[in-house]
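Data first, discussion second: the structure below is written as structure tokens.
The values are calculated or read from the model by the stated rules, or taken from the named source; none is laboratory data. Everything numeric here is computed off the predicted structure, so don't read it as measured data. Cβ: placed from backbone, ideal geometry, glycine included. Neighbour counts: every protein chain shown. Ligands, DNA and RNA are excluded from the accessible area calculation, which covers all protein heavy atoms including side chains. Shrake-Rupley method; radii C 1.70, N 1.55, O 1.52, S 1.80 Å.
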Amino acid sequence: MRRVSTRCALALALCAAWLASAPDARAGIVYDEAVSGDFSGDGLNPTSVTLEPGSNQIFGLTGRIFLDPDRDYFTVTIPDGHSFVALIELAGTTANNQVSFIGIQSGPQVTVPTSSVSADGLLGWTHYFSASVDTDILPVVGAGASGATGFVPPLPAGDYTFWIQDTGDGDADYGFEIVVALPEPRVAAALLLACGAFAIARARRARG
């Protein structure tokens with residue numbers, strides 16, 4: 001019986017060490033237009049943004065000046081074995097007349113024409129608002145309105161291209177957090193919980 005307890009203690013120690021050495025779950029800012037320059041305005045040639053496991057924060061500026069909308073397009077890659085689990089609107093996001101738009105297409109481009117009245121070709125889209133700050137809007141994006149394919153989060157590994165714009169007059173800031181799941185630490189955490197539950201159960205049986 002002591003051998004089982006020793007093995008469980010060793011497993012607990014290994015799991016704790018694994019979790020301690022795991023990549024930081026909050027990777028921070030991966031792109032900020034104010035620092036890195038404007039995103040591409042061409043859906044067929046979007047800006048490439050590198051993601052890290054955990055939190056990836058993206059900040060930009062859109063809006064409409066002299067009737068010309070500033071459209072932002074960028075592509076992200078969800079690494080193999082990971083998944084895209086959340087899209088959180090960040091503080092400071094504004095929307096002119098509440099007409100800010102975000103769409104996602106699978107692959108390295110957005111091929112939907114800006115003049116299209118249909119979302120056919122997009123995985124999903126939504127209008128976002130200042131009131132949506134700190135909210136995960138990925139399920140709403142995945143609702144699949146107006147011809148979009150639709151999806152239920154999480155999204156699997158692969159390329160995804162974002163289209164963001166605001167058709168109201170003036171500037172509109174935005175910030176989004178793309179959360180990439182960390183499968184290995186999650187497995188370790190599950191093992192840690194299982195070992196802990198086993199140890200507690202044994203202690204209770206020992207007390208009789």
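One residue stands out in the stretch 104-150 among those that are surrounded by fewer than 17 Cβ atoms within 10 Å (Cβ to Cβ) and among the aliphatic types (A, V, I, L, M): the one that is farthest from residue 88 (Cα to Cα), namely 117. Among the residues making up the stretch 46-72, a single one is touching a Pro at 6+ places or on another chain (Cβ under 9 Å), part of a strand (DSSP E or B) and open to solvent by 30 Å² or more (accessible area, probe 1.4 Å): 48. The residues of the stretch 96-121 that are touching a residue at least 40 places away in the same chain (Cβ under 8 Å) and assigned to a loop (DSSP other than H, G, I, E, B), listed by number, are 99, 107, 108, 109, 110, 111, 112, 114. The set of residues from the stretch 56-92 being within 14 Å of residue 168 (Cα to Cα) and not acidic (Asp, Glu) comprises 61, 62, 63, 64, 65, 66, 67, 69, 71.
Suppose the filter is surrounded by 15 or more Cβ atoms within 10 Å (Cβ to Cβ) and at pLDDT 90 or above; does residue 43 pass it?
Numbers: surrounded by 15 or more Cβ atoms within 10 Å (Cβ to Cβ): yes; at pLDDT 90 or above: yes.
Yes.
Of all residues in the stretch 73-95, which are in a strand (DSSP E or B), touching a helix residue (DSSP H, G or I) at 6+ places or on another chain (Cβ under 8 Å) and open to solvent by less than 30 Å² (accessible area, probe 1.4 Å)?
Once the filter is applied, which keeps residues that are in a strand (DSSP E or B), touching a helix residue (DSSP H, G or I) at 6+ places or on another chain (Cβ under 8 Å) and open to solvent by less than 30 Å² (accessible area, probe 1.4 Å), the stretch 73-95 yields 84, 86, 87, 89.
Of all residues in the stretch 122-154, exactly one satisfies the criterion of being in contact with a strand residue (DSSP E or B) (Cβ under 8 Å, 6 or more places away or on another chain), assigned to a loop (DSSP other than H, G, I, E, B), closer than 17 Å to residue 78 by Cα and aliphatic (A, V, I, L, M), namely 123. Residues that are exposed (fewer than 14 other Cβ atoms within 10 Å of the Cβ), at pLDDT 65 or above and part of a helix (DSSP H, G or I): does the stretch 155-164 have at least one? No, the conditions are met nowhere in the stretch 155-164.
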